[in-house]
Amino acid sequence: MENVVIMGTGCAGLTAALYAARADLKPRVLTGTMPGGLLTTTSTVENFPGFPEGIGGYTLMTRLQQQAERFGARVEFATVDHVDFLQSPLAVVVDGQRVETRVVIIATGASHRRLGLESEARLENRGVTYCATCDGALPVFRNQPLVVVGGGDSACEEALYLTRFGSKVYLVHRRDQLRASPIMATRALAHPKIEPVWDSVVTDIEDVAQNKVTGVQIRNVKTGQTSRLECAGVFVAIGLVPNTGLFKGVLDLDANGYIIPHRGATTNILGVFVAGDCVDYVYRQAVTAAGMGCAAAIEAERYLATLRL
Ligand code: NAP
């Protein structure tokens, strides 16, 4: 029987692992399909405290994993297929094997939201992508016009990153004001290669027949006017959806799928704690996820102490 199983190795999961390991709980930490979480796809993290020059997202997450492992966290590349929280002890099924545990900390994070277009799905990884850091430098995007969809911090970050490679970057946003933080918005709008396309949505991505991106159809939501932008790549950055499908019918979820925490990091199931982007739709920062991971581990430790009384 495990003491603590942690699902997810983003900032929340690995910080929980660090704290649980330092409490000598020898947590078993399951990466899921994206070890290191979404932050590994970020180029430079400029707002994580303690790094005045910024730090690469991948480097930050690698170092955090090493820090947790140094104190005894057992990080495994493994995916949970199924959870069984309705009986005692709690259990998770990992790659077909049932693992019983006293505590589960859920830090499964969130994934990129899709536009929901058929052409988007057909052209994914053929010019449609959700990660400029991962794909921006590909030859197909070099010196070509590119489209970023979205108006948040991610869209601005993606657009700024892509200015290194593309001849021009259209920032297509459904309103006439960015949601991004002022520093990111100002930086993006001041860049000579970035052209905002306001009040507009992408209605289709061309060209499925050629199996590559050649342009997008857009519609101005105020005037109804349609037009076309020629581009070689579409970078979708329209927010996140929580990775909580495994917990439907088991944990309390809100209408958007986020886990509803009870007091602090606890849930409606005793021994199950939550942290990070699977529960937080308000702050969603690396540092807040880390803080939530810390809180979940401390609560887990206190809960385990009550079992030993
Ligand atoms: P976000 O803040 O939720 O922004 C999503 C953007 O996509 C919004 O502008 C939204 O438009 C637009 N959008 C949503 N659904 C859409 C749809 N179906 N079609 C077209 N547009 C759509 O998401 P995010 O930018 O990924 O950021 C997530 C969190 O990470 C935020 O808390 C952010 O601050 C943080 N983050 C921080 C940094 C940084 O500090 N450097 C970098 C990246 C992310 P509306 O504005 O009209 O709603």
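Based on Cα contacts under 8 Å between residues 6+ apart, the chain shows a relative contact order of 21 percent. The Cα-based radius of gyration of the chain, divided by its Kirkwood radius, gives an Rg/Rh of 1.02. Pairwise Cα distances in segment 114-236 exceed 22 Å in 26 percent of cases. Taking the Cα atoms only, what angle lies between the long axis of helix 153-162 and the longest principal axis of the chain, rounded to 10 degrees? The answer is roughly 60 degrees.
Taken about its Cα centre, segment 33-128 carries a charge dipole of about 80 debye when Lys and Arg each add +1 at the Cβ and Asp and Glu each add -1 at the Cβ. Taken over the Cα atoms of segment 64-125, the convex hull encloses 161 Å³ per residue. Considering only beta bridges that DSSP places wholly inside the chain, some 45 percent are antiparallel. With respect to the chain, whose longest principal axis is taken over its alpha-carbon atoms, helix 11-22 is tilted by about 20°.
In the chain, the calculated helix contribution to ellipticity at 222 nm averages -7500 deg cm²/dmol per residue, counting -39,500 (n - 2.57) for every DSSP H run with n ≥ 4.
Below 18 Å, Cα to Cα, which lysines can Lys168 reach? Residues fewer than 8 away in the same chain don't count. Within reach: Lys193. Computed packing ranks the peptides 67-78, 268-279, 138-149, 20-31 as 268-279, 20-31, 138-149, 67-78, most packed first, by mean other Cβ atoms within 10 Å.
Each Cα pair under 8 Å and six or more residues apart adds its separation to the average, and for segment 25-160 the resulting relative contact order is 19 percent.
Read the figures in this text as sums done on the coordinates, not as results from a lab. All values derive from a computational prediction rather than experimental measurement. Neighbour counts run over all protein chains shown; Cβ positions are idealised from the backbone, glycine included.
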